[in-house]
Amino acid sequence: MKWSFLDLLFPSRCVVCDGLTDCPGEKVCRKCKNQIVYIHDPYCLKCGKQLGQEEKEYCNDCERIRHLYVQGTALYDYGSMADSVFRFKYGGRAEYAAFYGRDLYEKKAEWLAGIRPDALVPVPVHSSRMRSRGYNQAYLIARELSRHCGIPVRNNLIGRTRRTKPLKNLSHEERQNNLKKAFKILKNDVKLSTIVIIDDIYTTGSTVDAMSRTFREAGVGQIYFMALAIGRGI
């Protein structure tokens, strides 16, 4: 194991446990490498949630909810990376985005190539949250992914018109009501046929559906999403 002078001066923190990494140049320490759980077959053919039964094609949510996007995919099982994503989102660990973006590209390059999107569109945050947090975590993920795949990020297409309640403790119906008229197109002429919405966490799809509705009204035909982490289907 060869350490550089910069490694000694500025040791990296593990993206999973936030401790100092024990491998130069690596973003995950050795004890955490096997703790990351990636989404794998079988998964929901609509939203990408991990399924426990191979004979199922869709999770329970997607069997009862008519989503407005075409399809989605996600990288991590939320349970294995919940603490990591929480620190990234609320704890100032913006540097985690470099690892997330590279990991997304390495695992999802084939999926992106099949879609051939015109742009990556991060979920916008309200200006009040931007001021308190200092950054939009979805934009950081999209920017890092773009550096690897070459698909441009369009951060100026859609904005959040009002501050919504946190979604984690709301039902699907409450989430839908909470997000009504929460997004607004910022450009008069979008001129995109296929986009991929980028978010950190996918739960029920209410945010992606609300954005999809707004984009469809603006003439975007094919809307997909990519999430960093996702809950399990049944």
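The values are calculated or read from the model by the stated rules, or taken from the named source; none is laboratory data. Since we're looking at a predicted model, the values are computed, not measured. Ideal geometry is used to build each Cβ from the backbone, glycine not excepted, and the neighbour counts take in all protein chains shown. Surface accessibility is based on the protein's heavy atoms, side chains included, excluding ligands, DNA and RNA. Shrake-Rupley method; radii C 1.70, N 1.55, O 1.52, S 1.80 Å.
Computed quantities for the displayed model
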{"read-out": "Selection count where residues are under 10 Å from the mean Cα position of the chain (by Cα) and surrounded by fewer than 23 Cβ atoms within 10 Å (Cβ to Cβ), scope the range 188-200", "value": "1"}
{"read-out": "Pair list, Cβ < 9 Å and 6+ apart or interchain, from the range 140-152 residues that are farther than 18 Å from residue 115 by Cα to residues that are part of a loop (DSSP other than H, G, I, E, B)", "value": "140/94; 143/155"}
{"read-out": "Search result, residues across the range 132-150 that are among the aliphatic types (A, V, I, L, M) and either touching an Asp or Glu at 6+ places or on another chain (Cβ under 8 Å) or at pLDDT below 95 (or both)", "value": "138, 141"}
{"read-out": "Any chance residue 194 is modelled with pLDDT under 85 and of a type outside the set (A, V, I, L, M)", "value": "no"}
{"read-out": "Set 119, 142, 138: member being over 13 Å from the mean Cα position of the chain (by Cα) and surrounded by 18 or more Cβ atoms within 10 Å (Cβ to Cβ)", "value": "119"}
{"read-out": "Segments classed as helices (runs of 4 or more DSSP H), wholly inside the range 1-119, with at least 2 members that are in contact with a helix residue (DSSP H, G or I) (Cβ under 9 Å, 6 or more places away or on another chain), more than 19 Å from residue 196 (Cα to Cα) and modelled with pLDDT of 95 or more", "value": "78-90, 96-115"}
{"read-out": "Every pair of residues 6+ apart whose Cβ atoms lie under 7 Å, when the first sits in the range 68-88 and is aliphatic (A, V, I, L, M) while the second is part of a helix (DSSP H, G or I)", "value": "68/209; 68/212; 68/213; 68/216; 75/103; 75/104; 75/107; 75/108"}
{"read-out": "Meets criteria (under 23 Å from residue 188 (Cα atoms), of a type in the set (A, V, I, L, M) and modelled with pLDDT under 95) for residue 125", "value": "yes"}
{"read-out": "Residue within the range 211-229 that is over 14 Å from the mean Cα position of the chain (by Cα) and hydroxyl-bearing (Ser, Thr, Tyr) present", "value": "yes"}
{"read-out": "Condition check for residue 109: under 16 Å from residue 142 (Cα atoms), without any contact (Cβ under 8 Å) to a residue 60 or more places away in the chain, open to solvent by less than 80 Å² (accessible area, probe 1.4 Å) and out of contact with any Leu (no Cβ under 6 Å at 6 or more places or on another chain)", "value": "yes"}
{"read-out": "Selection status of residue 169, open to solvent by 40 Å² or more (accessible area, probe 1.4 Å), at pLDDT below 95, assigned to a helix (DSSP H, G or I) and not aromatic (Phe, Trp, Tyr)", "value": "no"}
